[in-house]
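**Q** Quick one: structure below, then a few questions.
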Amino acid sequence: MNLFGTTIPIASDHGGFAVKQFLIEKLKGLGYEVIDFGTHGTESVDYPDFIHPLASAVNAGQFPGGIILCGSGNGAQMTANKYPNVRAGLCWNAEQAALTRQHNNANILSIPGRFVSADEAWEITKTFLNTPFEGGRHELRVEKIPLIVNPKK
């Protein structure tokens, strides 16, 4: 269905909960299986408690990518990017979503739940899921992101 397959993991804190629920319904409506890592309500929670499990699963190869949300998108992105095989990109519009896939080969989309509408988040998500990595000159740059140098190079 897209570059990340038919199963999409998603996680948020309370600040991204409403947009997350909207995205889950939209994704399911298109036939995706959605794995919801939480949170499951609007009570104040700590975003790392929900972002770490999703990012860890992507890092381990359990999922090729995922979607994370928090109020600003920043805390979620910072948490996810602690994992060496994760490249989480914060996107507030569809153009950013396309560029973070094309140029950075991002595998986790971070959305600022308090700064975009549900409809904008859906456009961002569709763009992210369907935009391929360009490779080429961008591949060498992406290979330089991890702190651990690939010994094959």
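**Q** For the range 75-140, I need the span (max minus min coordinate) of the C-alpha atoms along each principal axis, in Å, sorted largest to smallest.
**A** Principal axes ranked by extent give 35, 24, 13 Å for the Cα atoms.
**Q** For residue 119 paired with residue 142, estimate the spin-label separation in nm (one decimal), with each label point 7 Å from Cα along the Cα-to-Cβ line.
**A** With each label placed 7 Å out from Cα toward Cβ, I get 3.2 nm.
**Q** Quick check on the exposure proxy: order 109, 3 from fewest to most C-beta atoms within 10 angstrom.
**A** 3, 109
**Q** Of all DSSP beta bridges in the range 7-143, what percent run antiparallel (nearest 5)?
**A** Bridges in the range 7-143 are about 0 percent antiparallel.
**Q** log₁₀ I(q)/I(0) of the range 1-69 at q = 0.15, 0.26 Å⁻¹, via Debye over equal Cα point scatterers, no solvent, to two decimals?
**A** -0.44, -1.14
**Q** Using the Kirkwood radius built from alpha carbon pairs, what does the Stokes-Einstein equation give as D for the range 1-126 at 4 °C and 1.567 mPa s, in µm² per second?
**A** Translational D for this selection: 94 µm²/s.
Each value in this text was obtained by applying a stated rule to the coordinates, not by laboratory testing. All values reported here derive from a predicted model rather than from experimental measurement. As a convention, Cβ positions derive from the backbone with ideal geometry for all residues, glycine included, and neighbour counts pool all protein chains shown.
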